[in-house]
Amino acid sequence: MSANRFALLVVAIILFSATGFAQQNEISATFGRTFVSTQTIQGSTAPDKSLHFGVEETASLNYSRFLKRWGGFGLSGELPISYVIDQDLHTYQNLTPENYNALFIAPSARLNVFTGDSVSPWVSAGAGYGRFKAAGHLNFYGPNPASTITNTSVIQFGAGLDIFPWQRWGFRFEARDFYSGVPTLGDINTGRSRQHNYYVGGGVIRRF
């Protein structure tokens with residue numbers, strides 16, 4: 001075999017390997033909103049004892065690596081990262097910070113159906129870390145007397161749909177529940193130690 005043919009063979013093998021590797025990885029970016037259910041303030045004497053949460057903008061990034069395939073099912077390891085930009089709070093009394101932001105990072109396992117096809121639904125589950133940062137001032141006036149930082153564990157459950165009109169670029173629609181501890185929210189007690197943070201969003205996905 002000549003040197004030129006050998007070089008072409010090496011290039012072909014490298015390109016083939018790179019193509020195979022390219023199908024093993026995905027990265028997505030989605031944007032949506034996070035929902036938190038209304039909670040009741042324990043021991044409150046106010047006419048409205050509820051703690052209300054805004055439905056706030058959230059940005060999410062995700063990296064995944066394909067691990068194994070069984071027929072039409074595919075297993076991937078993924079790292080969803082979700083950032084709640086500004087979760088507004090409201091109470092009848094001036095007891096809570098005006099808002100907080102939240103970060104959730106939850107290494108997970110994802111199972112796709114019809115993996116590799118142009119349309120692929122999936123489910124995901126995992127666990128990781130959450131961080132809340134509350135505003136330094138209360139809802140109506142005055143400084144927030146409580147700690148503004150809360151660190152917590154997070155359990156993640158999710159489901160979604162990936163659509164690939166092109167080989168490497170597609171769209172992702174996802175819904176995830178980041179089940180976390182509760183943030184420190186001023187001088188109130190809701191009687192809860194955990195809360196559901198429901199994220200619903202959509203965006204783009206890239207295979208590489």
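Taken together, the values in this text are just the output of simple stated rules run on the coordinates, not laboratory data. Predicted, not measured: the structure shown is a model, and the values here were computed from it. Cβ sites come from the backbone with ideal geometry, for glycine too, and all protein chains shown count toward neighbours.
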Given the candidates H52, Q167, A102, the one whose Cα lies deepest towards the positive end of the charge dipole of the chain, counting +1 at each Lys or Arg C-beta and -1 at each Asp or Glu C-beta, is Q167
Distance in nm between N25 and S153 label points, each 7 Å along Cα→Cβ, equals 3.2 nm
Given unit charges at Cβ for Lys, Arg (+) and Asp, Glu (-), the dipole magnitude of the chain about its Cα centre in debye, nearest 20, is 840 debye
Dividing the helical contributions, -39500 (n - 2.57) per DSSP H run of n ≥ 4, by the residues of the chain yields a 222 nm value, nearest 500 deg cm²/dmol, of -3500 deg cm²/dmol
Cβ-Cβ cut-off under 12 Å around E57, Lys and Arg +1, Asp and Glu -1: the net charge is -2
For segment 86-135, averaging the sequence separation of alpha carbon pairs under 8 Å that lie six or more residues apart and dividing by its residue count, the contact order in percent is 39 percent
Karplus ³J(HN,Hα) for segment 198-206 (6.51 cos²θ - 1.76 cosθ + 1.60, θ = phi - 60°; Hz, whole; x = Gly/Pro) runs 8, 10, 10, x, x, x, 10, 9, 10
Residue separation between T45 and A175 times 0.36 nm, minus their alpha-carbon distance, gives in nm 43.2 nm
The relative contact order of the chain, taking Cα pairs under 8 Å that sit 6 or more residues apart, comes to a percentage of 21 percent
Which of (1) 7, 24, 23, 18, 13, 8, 5, 2, 0; (2) 8, 32, 36, 19, 4, 0; (3) 8, 30, 24, 17, 11, 5, 2, 1, 0 gives P(r) over Cα pairs in 10 Å bins from 0, in percent as computed here? It is (3)
Of 99-105, 62-68, 134-140, ordering from highest average Cβ density within 10 Å down gives 99-105, 134-140, 62-68
Expressed in angstrom and rounded, the centroid-to-centroid distance over alpha carbons for segment 146-195 and segment 68-100 is 2 Å
Taking only the alpha-carbon positions of segment 162-208 as identical scatterers, the Debye log10 I(q)/I(0) at q = 0.19, 0.23, 0.24, 0.28 Å⁻¹ comes out as -0.69, -0.82, -0.85, -0.98
Distance in nm between F73 and H52 label points, each 7 Å along Cα→Cβ, equals 4.5 nm
A chain fully extended from L103 to K133 at 0.36 nm per residue, minus the present Cα-Cα distance, gains in nm 9.9 nm
Residue by residue through segment 71-81, the couplings from Karplus 6.51 cos²θ - 1.76 cosθ + 1.60 with θ = phi - 60°, in Hz, x for Gly and Pro, are x, x, 9, x, 9, 10, x, 9, 10, x, 10
